[in-house]
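Visitor: Handing you a structure now.
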C-alpha cells in the first residue's frame, strides 16, 4: 500500500495562493516498488492539479539538468 509523506511546501512564484508540494511516496506502483519523489502543483494552495513522480535513481540527474537550466536563465 502506497504512503505519501510530505517533505516540503514552497510558494509558487507568479501566483497568489499557489504551492509546490514535495513528497515521498513509498510503494507508489504496488508492493515492493521503489519510492519516488512527487512534485505537485496546487494553484489554489490546496488541490494538486499537476504532479510528477521522479524515481530516486533519476533524481541527481534531474537536479543537475534543472540547475543548468536555472543558470542559463540567470545569464539572460
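The values are calculated or read from the model by the stated rules, or taken from the named source; none is laboratory data. Owing to the predicted nature of the structure, the values given are computational and were not obtained by experimental measurement. When we count neighbours, we look across all protein chains shown, and the Cβ atoms used for this are built from the backbone with ideal geometry, even at glycine.
Visitor: Report, by residue number, each residue of the range 47-69 that is touching a residue at least 12 places away in the same chain (Cβ under 8 Å) and either surrounded by fewer than 11 Cβ atoms within 10 Å (Cβ to Cβ) or in a loop (DSSP other than H, G, I, E, B) (or both).
Guide: 48, 57
Visitor: Something else now. Checking residue 74 against (1) at pLDDT below 95; (2) touching a helix residue (DSSP H, G or I) at 6+ places or on another chain (Cβ under 9 Å), which single condition isn't satisfied?
Guide: It is condition (2) that residue 74 fails.
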